[in-house]
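Some notes on the structure that comes next.
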Amino acid sequence: MIRQKPTSTFRHNLRALLHSRKLKMFVAGSLLLVFATLQFAVPSDYVMPRARIGSETIGFTKTETLRQKLSESSKKISVDIDRKNRTFDAAEVGIKTDVDATIKGAPTLTLKDKLIPFKPLYLLVRSHEVKPVVRKDHAAVSAFAADLSRKLSAEPIDAKPEIKDGGLTIIKSNEGTEFDEELIKKELLNKQPYSGNAYVITSKTIPAQVTEKDLKPLKDEYEKKTSQTMEVKYGETTKKVDSQTLQTWFEVSQDPETGKWLLRPAVPAIEAQIQLWATEYNIAPGITQVSYHDDRETFRRNGTAGRAIEVEAVKNQIQKWFDEPTTQPLVLASAAVAPRINATYTYSRSSAQLQAQLNAWIASQSGSYQIAIRELNGRGREASHNVSQQTVMASTYKIFLAFAAYRQAESGALNMNTTIAGSRNVEQCIEVMIVNSDNDCPVKLGRYIGWAKVDQIIAAAGFQNILLNNYDSAGNLKGDKLVNATEQAKFLSQLSGGSLINSTHTNRLLNYMKRQTYREGIPAGSRGAVVADKVGFLDAYIHDVGIVYGPKSTYALVIMSEGSNWSKIRSLATAVYDFMNE
């Protein structure tokens with residue numbers, strides 16, 4: 001019998017063992033135990049290794065660490081503005097990362113995952129793209145985009161000419177930049193953070209409308225015009241104007257319609273130079289002495305004529321010279337100046353001389369006047385100016401309204417004790433509208449009587465071209481109350497004579513007029529005499545109409561003016577008073 005070798009027997013037994021079912025089951029069980037142990041050994045609070053947010057890897061990061069990291073990084077928003085990176089507060093931009101929701105989407109191993117064979121291995125080797133949960137406030141983003149556009153955008157700066165230090169220099173232009181608000185908003189709303197790229201905002205270049213090249217012709221024109229020498233002649237004097245002086249005679253300005261820069265004469269500098277020439281050349285005129293008596297010339301001594309450079313004409317000459325320079329002297333335009341007239345007036349005391357004195361006063365004044373002077377005793381002297389022209393009555397209408405009320409009372413159609421304005425009756429209203437020039441009472445009184453009826457009463461008394469009823473059928477104003485100086489003077493004459501209303505009412509109205517509070521005009525100019533008057537002032541109209549009770553003459557004086565003042569009215573009142581009472 002032949003025995004096997006020990007080595008062969010061991011190999012045989014090992015082969016048999018490896019092929020046995022029990023061993024296979026043991027090995028399989030051992031491997032399962034190892035994998036199960038590994039699955040449960042992987043921690044649950046770590047993000048899977050191949051996870052990322054955008055281009056940033058977040059694998060093998062604890063969820064709490066990731067939470068802190070996201071919370072910190074989401075506070076700022078990175079924006080590339082024309083290739084320069086800037087960061088902004090996320091709250092300011094209106095973009096907020098929901099950290100909890102984002103972490104919830106990050107891959108981690110749950111207990112359920114660990115119970116599923118090989119799932120942890122699958123999750124460990126699988127790539128994960130975690131999408132951040134971002135909340136965008138559209139209103140806040142829009143406001144941020146608008147504010148950023150406003151702050152970053154810059155208007156272009158045009159080139160600008162400047163005359164300085166004897167030359168014309170050109171201030172350089174700069175391009176502008178425009179950051180479109182809508183494009184900024186679109187970039188912020190459409191792109192997600194953590195995408196690997198910052199938000200990108202680019203500007204649009206806005207060219208300047210005026211460049212250095214555009215102003216080159218202007219500079220050439222200036223240099224050409226100021227490089228010459230001008231000669232001027234006035235009288236027997238000839239002078240040169242050098243280029244340095246010519247340089248001061250120009251200025252630059254921009255046409256408001258076309259925006260084009262223009263070279264213009266510097267008028268103040270040119271006028272100053274002309275005045276310097278004038279001080280050497282001009283001769284002041286003499287004085288012609290003239291005397292008048294009652295508007296007739298009684299004496300004349302003629303003064304000598306003067307001469308003067310004509311400034312406007314010389315400015316035109318200089319402008320033409322700049323357009324077409326010449327080597328011939330520029331003969332400055334000049335003219336003879338007539339002597340000044342110094343007139344002396346004397347007057348006799350007739351109506352003709354009163355008229356002559358009034359004419360002289362009018363000639364010396366500015367403004368528009370309607371004047372009537374009518375002596376109520378003595379020689380009955382009169383004078384007038386522009387008396388037929390209607391003018392706005394202002395408050396002088398109130399004496400006519402008072403007259404109409406008294407006429408109604410005398411006919412029995414009006415009770416003077418009737419209350420018409422607050423606690424005031426008719427008589428009290430007449431008093432305050434004359435003494436204090438109150439405006440409420442006359443309006444109420446006119447309505448109570450009826451404005452049309454007031455005009456009828458005035459016309460029936462023989463007065464013409466007087467209108468107090470300036471109201472339409474609905475009671476709205478339609479124009480002004482009108483009168484002329486002739487009718488004013490006629491009214492005062494008849495009131496003084498007692499022919500308009502009874503003596504009681506006449507005395508009342510005259511006493512109210514003597515007490516009226518505005519005394520800057522006729523009363524102030526009548527040297528302390530008693531004056532019964534009524535003033536009126538409305539816009540540019542200033543009137544004073546009254547009766548002056550002088551020591552030698554009682555007269556009606558009507559002064560109605562537009563564009564005058566109380567000082568002028570007072571001066572005329574004084575001149576009339578002196579004439580009538582000398």
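The values are calculated or read from the model by the stated rules, or taken from the named source; none is laboratory data. Only a predicted model underlies this, so the values are computations on that prediction, with no experimental measurement involved. Using ideal geometry, Cβ is built from the backbone for each residue, glycine included, and neighbour counts are taken over all protein chains shown. Keep in mind that these areas ignore ligands, DNA and RNA; they rest on the heavy atoms of the full protein, side chains included. Shrake-Rupley method; radii C 1.70, N 1.55, O 1.52, S 1.80 Å.
Can you tell me the convex hull volume per residue for region 378-420, based on C-alpha atoms, in Å³ to the nearest whole number?
157 Å³
Quick one: with all protein chains in place, what share of the accessible area of the chain is carbon or sulfur, to the nearest percent (1.4 Å probe)? Roughly 51 percent of what the probe reaches on the chain is carbon or sulfur. Taking only the alpha carbons of region 124-181, we obtain Rg and Dmax values of 24.2, 83 Å in that order.
Find how much the distance from residue 280 to residue 335 grows on full extension, using 0.36 nm per residue of separation minus their present alpha carbon separation; answer in nm with one decimal. Difference between extended and current length: 18.3 nm. Along each principal axis, taking the top coordinate minus the bottom one, the Cα set of region 183-239 gives 90, 17, 13 Å in descending order. Computed on region 239-397, the Cα convex hull volume stands at 218 Å³ per residue. Region 460-582 has equivalent-ellipsoid semi-axes of 26, 19, 12 Å, by the square roots of 5 times the alpha carbon gyration tensor eigenvalues, sorted largest first.
Relative to the longest principal axis of the Cα atoms of the chain, the long axis of helix 566-581 makes an angle of roughly 0 degrees.
With +1 on each Lys and Arg Cβ and -1 on each Asp and Glu Cβ, and nothing else charged, work out how big the dipole of the chain is about its Cα centre, in Debye to the nearest 20. Magnitude of the dipole: close to 4660 debye.
What aspartates and glutamates does residue 233 reach when the alpha-carbon gap must be under 17 Å and sequence neighbours fewer than 8 apart in one chain are set aside? The reachable aspartates and glutamates, counting only those whose Cα sits under 17 Å from residue 233, are 242, 271, 280, 310, 312. Residue 279 sits with roughly 110 Å² accessible to a 1.4 Å probe, with DNA, RNA and ligands left out of the calculation.
Mind putting a number on the dipole of region 398-518 about its Cα centre? Charges go on the C-beta only, +1 for Lys and Arg and -1 for Asp and Glu, and I need it in Debye to the nearest 20. All intermediate terms of the calculation are to be shown ahead of the outcome.
On the way: 12 positive and 9 negative charges, 23 e Å.
It comes to approximately 120 debye.
Considering only the Cα atoms of region 464-530, their convex hull presents on average a projected area of 6.6 nm². Which parts of region 79-95 would a label at residue 152 reach, counting a residue when its backbone N lies under 14 Å from a point 7 Å out along Cα-to-Cβ? Of the residues in region 79-95, 79-89, 93 have backbone N under 14 Å from the label point off residue 152. With all pairs of different C-alpha atoms in the average, the Kirkwood value for the hydrodynamic radius of the chain is 36.6 Å. The 1.4 Å probe gives accessible areas that order 454, 432, largest first, as 432, 454. If you take the square roots of the eigenvalues of the alpha-carbon gyration tensor of region 400-547 and sort them as a ≥ b ≥ c, do you get rounded (a/c under 1.5), prolate (a/b over b/c) or oblate? Cα axes put region 400-547 in the rounded bin. Model label sites at residue 423 and residue 183, defined 7 Å from Cα along the beta-carbon direction, differ in position by 7.9 nm. Think of the chain as a dipole: +1 on every Lys or Arg Cβ, -1 on every Asp or Glu Cβ, centred on the Cα centre; then among 563, 159, 332, 159 lies furthest on the positive end. Rolling a 1.4 Å probe over the heavy atoms of the protein chains gives the chain an accessible area of 56 Å² per residue. Centre-to-centre, using Cα atoms only, region 127-188 and region 46-80 are separated by 32 Å. A straight chain from residue 415 to residue 519 at 0.36 nm per residue would run longer than the Cα-Cα distance by 34.3 nm. Both the radius of gyration and Dmax for region 370-487 are 15.4, 50 Å, in that order, over alpha-carbon atoms.
Of 51, 249, 142, which is farthest towards the positive pole of the chain's charge dipole, taken about the Cα centre with +1 and -1 on the beta-carbons of Lys, Arg and Asp, Glu respectively? Highest projection toward the positive end goes to 51.
Phi angles across region 69-83 convert, under the Karplus curve 6.51 cos²θ - 1.76 cosθ + 1.60 with θ = phi - 60°, into 3J(HN,Hα) values of 5, 5, 4, 6, 5, 7, 6, 10, 10, 8, 10, 8, 10, 6, 6 Hz, Gly and Pro given as x. Backbone geometry of region 133-139 corresponds, through the Karplus equation with coefficients 6.51, -1.76 and 1.60 at θ = phi - 60°, to 3J(HN,Hα) couplings of 8, 10, 9, 10, 8, 4, 5 Hz, x marking Gly and Pro. Sorting the segments 530-537, 66-73, 79-86 by their mean number of nearby beta carbons within 10 angstrom, highest to lowest, gives 530-537, 66-73, 79-86. In plain terms, the chain from residue 76 to residue 223 could stretch by 47.1 nm, reckoned as 0.36 nm per residue minus the Cα-Cα distance. With both labels modelled 7 Å from their Cα along Cα-to-Cβ, the residue 100 to residue 209 distance reads 5.7 nm.
Short-range pairs are left out: with C-alpha atoms under 8 Å and at least six residues apart, the relative contact order of the chain is 8 percent. Each residue of region 174-182 was assigned a 3J(HN,Hα) from its phi angle through the Karplus curve 6.51 cos²θ - 1.76 cosθ + 1.60 (θ = phi - 60°); the sequence is 10, 6, x, 10, 10, 9, 6, 4, 5 Hz, with glycine and proline shown as x. Using the average count of surrounding beta-carbon atoms within 10 Å as a protection proxy, the listed peptides 549-557, 161-169 rank, highest first, as 549-557, 161-169.
Let me spell out the model: positive unit charges on the Cβ of Lys and Arg, negative unit charges on the Cβ of Asp and Glu, origin at the Cα centre of region 256-383. What dipole size does that give, in debye rounded to 20?
With only Lys, Arg, Asp and Glu charged at Cβ, the dipole is about 460 debye.
When 327, 97 are compared by accessible area of protein heavy atoms, the largest-first order is 327, 97, using a 1.4 Å probe.
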